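Step one of this worksheet: look at the structure below.
The values are calculated or read from the model by the stated rules, or taken from the named source; none is laboratory data. Please read all numbers here as calculations on a predicted model, not as lab measurements. With ideal geometry, Cβ positions are generated from the backbone for all residues, glycine too; neighbour counts draw on all protein chains shown.
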Ligand SMILES: [Zn+2]
Ligand SMILES: [Zn+2]
């Protein structure tokens, strides 16, 4: 599922001008167009990959986000990376080819018959994937059983009962579209529309498959393995091209959209790429110093508490946080040191505390060496 770099997909440099991006995409779109490569899954993937790359790189804002954050930059908000369907791709062509679907004229013009044939597309499938903080930290491969529409094996997805129960559509001769010439006061006008007999598919079915009732699809289960990159976060969407619901009659399957959900961690809290741990130590340890074992994303770690540590101090464990998606940059673990004040005390404890209460060193002396609350907040956001 790992996506190729958009610049590589279009074969342009990272500094390429929009015109160059457009030219390159146009070539790829023509080369891999489904009408030109019927039933070729690889070509179809390439076609969609190029469309997605163009969608992002042709838009200055999305391109900037992509340059900065990689694929994740545009997936969280459902832009680009959220997966494009065929309708989106074809509507993009208006921009690329200057109006209309170019393949009408490109292939249809020379007497070809494929021009108007409709390619059916399966719907997108949405699933949720729950991830622990540890899985977010390292990235994970999840195997998920998905209930979806799959090709009917009885009729091989054709929807026809057997070999003799379908034939090329008589009305359109298999092209899927019909042309009509009408005389108007301005002269002859030719219009092309979807064939009403076969609904644009070019094939007419005389007897339907009894298993799928002519749909070409049945409900089935598929186990899909999903590679989740490290650093994803709650609400992010990943998409896997072609892993959604199947389309009837050799059409293009939809995409699988994966919504990321985070399972809260027992002791650690996430704050962006940082991880926060609330540490409580007792007053004696704060005064005398100690070393304590604390949880981190990758196991336990020992940290030293200096003698005379004030409550509210923030210790920073560099690089012990979460990675940024598609980056080597990692956040830190921040440890908030809280000094525990007893809520109840025994008679003996009370006597000891009474003794200490008025001793010289117990009088608060917040000198210049102690950081103020404001300074600590500022330090946290550095
Ligand atoms: Zn069937
Ligand atoms: Zn027809």
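Might you let me know whether the stretch 171-185 holds any residue that is within 16 Å of ligand 1 (Cβ to nearest atom) and either over 38 Å from the mean Cα position of the chain (by Cα) or assigned to a loop (DSSP other than H, G, I, E, B) (or both)? Spell out how you get there, then give the answer.
Of the residues in the stretch 171-185, the ones within 16 Å of ligand 1 (Cβ to nearest atom) are none.
No, the stretch 171-185 contains no residue that is within 16 Å of ligand 1 (Cβ to nearest atom) and either over 38 Å from the mean Cα position of the chain (by Cα) or assigned to a loop (DSSP other than H, G, I, E, B) (or both).
Do we find a residue being over 30 Å from residue 41 (Cβ atoms), surrounded by fewer than 18 Cβ atoms within 10 Å (Cβ to Cβ) and in contact (Cβ under 8 Å) with a residue 40 or more places away in the chain anywhere in the stretch 234-252?
Taking the stretch 234-252 first, the residues over 30 Å from residue 41 (Cβ atoms) are 234-235.
Okay, now just the ones that are also surrounded by fewer than 18 Cβ atoms within 10 Å (Cβ to Cβ), so 234-235.
Subsequent filtering for residues that are in contact (Cβ under 8 Å) with a residue 40 or more places away in the chain retains 235.
Yes, because at least one residue in the stretch 234-252 is over 30 Å from residue 41 (Cβ atoms), surrounded by fewer than 18 Cβ atoms within 10 Å (Cβ to Cβ) and in contact (Cβ under 8 Å) with a residue 40 or more places away in the chain.
Only one of these conditions is not met by residue 34: (1) out of contact with any strand residue (DSSP E or B) (no Cβ under 8 Å at 6 or more places or on another chain); (2) surrounded by 16 or more Cβ atoms within 10 Å (Cβ to Cβ). Which number is it?
Going through the list (1) out of contact with any strand residue (DSSP E or B) (no Cβ under 8 Å at 6 or more places or on another chain); (2) surrounded by 16 or more Cβ atoms within 10 Å (Cβ to Cβ), residue 34 breaks only (1).
Of all residues in the stretch 193-216, which are within 8 Å of ligand 1 (Cβ to nearest atom) and within 33 Å of the chain's Cα centre (by Cα)?
Matches in the stretch 193-216: 212, 215, 216.
In this structure, does residue 136 turn out to be within 41 Å of the chain's Cα centre (by Cα), more than 16 Å from ligand 2 (Cβ to nearest atom) and assigned to a strand (DSSP E or B)? Step through it out loud before you land on a result.
Working: within 41 Å of the chain's Cα centre (by Cα): yes; more than 16 Å from ligand 2 (Cβ to nearest atom): yes; assigned to a strand (DSSP E or B): no.
So residue 136 does not fit the description; no.
Mind listing whichever residues of the stretch 112-171 are on the phi > 0 side of the Ramachandran plot and either modelled with pLDDT under 90 or surrounded by 17 or more Cβ atoms within 10 Å (Cβ to Cβ) (or both)?
Within the stretch 112-171, the first condition is being on the phi > 0 side of the Ramachandran plot, and the residues that meet it are 139, 156-157, 159.
Matches in the stretch 112-171: 156, 157, 159.
Kindly indicate whether residue 181 is in contact with a strand residue (DSSP E or B) (Cβ under 6 Å, 6 or more places away or on another chain), within 16 Å of ligand 2 (Cβ to nearest atom), over 30 Å from residue 326 (Cα atoms) and at pLDDT below 90. Can you show your working first?
Values: in contact with a strand residue (DSSP E or B) (Cβ under 6 Å, 6 or more places away or on another chain): yes; within 16 Å of ligand 2 (Cβ to nearest atom): no; over 30 Å from residue 326 (Cα atoms): yes; at pLDDT below 90: yes.
Taking the combined requirement at face value, the residue does not satisfy it.
Residue 158 is checked against (1) within 8 Å of ligand 2 (Cβ to nearest atom); (2) within 15 Å of residue 249 (Cβ to Cβ) and fails just one. What number does that condition carry?
Status for residue 158: all satisfied but (1).
Any idea which residue in the stretch 139-155 is nearest to ligand 2 (Cβ to nearest atom), counting only those that are closer than 30 Å to residue 329 by Cβ and assigned to a strand (DSSP E or B)? Even if it seems obvious, please write down each step before you answer.
Of all residues in the stretch 139-155, those closer than 30 Å to residue 329 by Cβ come to 139-144.
Narrowing further to those that are assigned to a strand (DSSP E or B): 140-144.
Values: 140: 48, 141: 45, 142: 43, 143: 42, 144: 39 Å.
Checking each candidate, the answer is 144.
Could you go through the stretch 309-318 and let me know if any residue there is under 22 Å from residue 138 (Cβ atoms), assigned to a strand (DSSP E or B) and without any contact (Cβ under 8 Å) to a residue 12 or more places away in the chain.
The first filter runs over the stretch 309-318 and keeps only residues under 22 Å from residue 138 (Cβ atoms), leaving 316-318.
Imposing the further condition that a residue be assigned to a strand (DSSP E or B) reduces the set to 316-317.
Narrowing further to those that are without any contact (Cβ under 8 Å) to a residue 12 or more places away in the chain: none.
Within the stretch 309-318, none of the residues are under 22 Å from residue 138 (Cβ atoms), assigned to a strand (DSSP E or B) and without any contact (Cβ under 8 Å) to a residue 12 or more places away in the chain.
The rows are residues; the columns are (1) modelled with pLDDT of 85 or more; (2) farther than 27 Å from residue 230 by Cα.
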{"position": "33", "(1), (2)": "no, yes"}
{"position": "37", "(1), (2)": "no, yes"}
{"position": "43", "(1), (2)": "yes, yes"}
{"position": "47", "(1), (2)": "yes, yes"}
{"position": "51", "(1), (2)": "yes, no"}
{"position": "77", "(1), (2)": "no, no"}
{"position": "82", "(1), (2)": "no, no"}
{"position": "85", "(1), (2)": "no, no"}
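Within the stretch 1-50, work out how many residues are within 21 Å of residue 253 (Cα to Cα) and free of Cβ contacts under 8 Å to residues at least 40 places away in the same chain.
Residues flagged as within 21 Å of residue 253 (Cα to Cα) and free of Cβ contacts under 8 Å to residues at least 40 places away in the same chain within the stretch 1-50 amount to 8.
Go through the residues of the stretch 202-225 one by one and say whether even a single one is surrounded by fewer than 17 Cβ atoms within 10 Å (Cβ to Cβ) and within 16 Å of ligand 2 (Cβ to nearest atom).
Here is the first cut: in the stretch 202-225, the residues surrounded by fewer than 17 Cβ atoms within 10 Å (Cβ to Cβ) are 206-207, 210-211, 213, 215, 219-223, 225.
Filter once more, so that each one left must be within 16 Å of ligand 2 (Cβ to nearest atom): 206.
Yes; the residues of the stretch 202-225 include at least one that is surrounded by fewer than 17 Cβ atoms within 10 Å (Cβ to Cβ) and within 16 Å of ligand 2 (Cβ to nearest atom).
Any residue that is exposed (fewer than 13 other Cβ atoms within 10 Å of the Cβ) and in contact with a helix residue (DSSP H, G or I) (Cβ under 7 Å, 6 or more places away or on another chain) - is there at least one of those in the stretch 306-327?
Checked against the condition, which is being exposed (fewer than 13 other Cβ atoms within 10 Å of the Cβ) and in contact with a helix residue (DSSP H, G or I) (Cβ under 7 Å, 6 or more places away or on another chain), the stretch 306-327 yields at least one hit.
In the stretch 281-305, how many are closer than 30 Å to residue 234 by Cα and either loosely packed, with under 12 Cβ neighbours inside 10 Å or under 30 Å from the mean Cα position of the chain (by Cα) (or both)?
Residues in the stretch 281-305 being closer than 30 Å to residue 234 by Cα and either loosely packed, with under 12 Cβ neighbours inside 10 Å or under 30 Å from the mean Cα position of the chain (by Cα) (or both): 8 in total.
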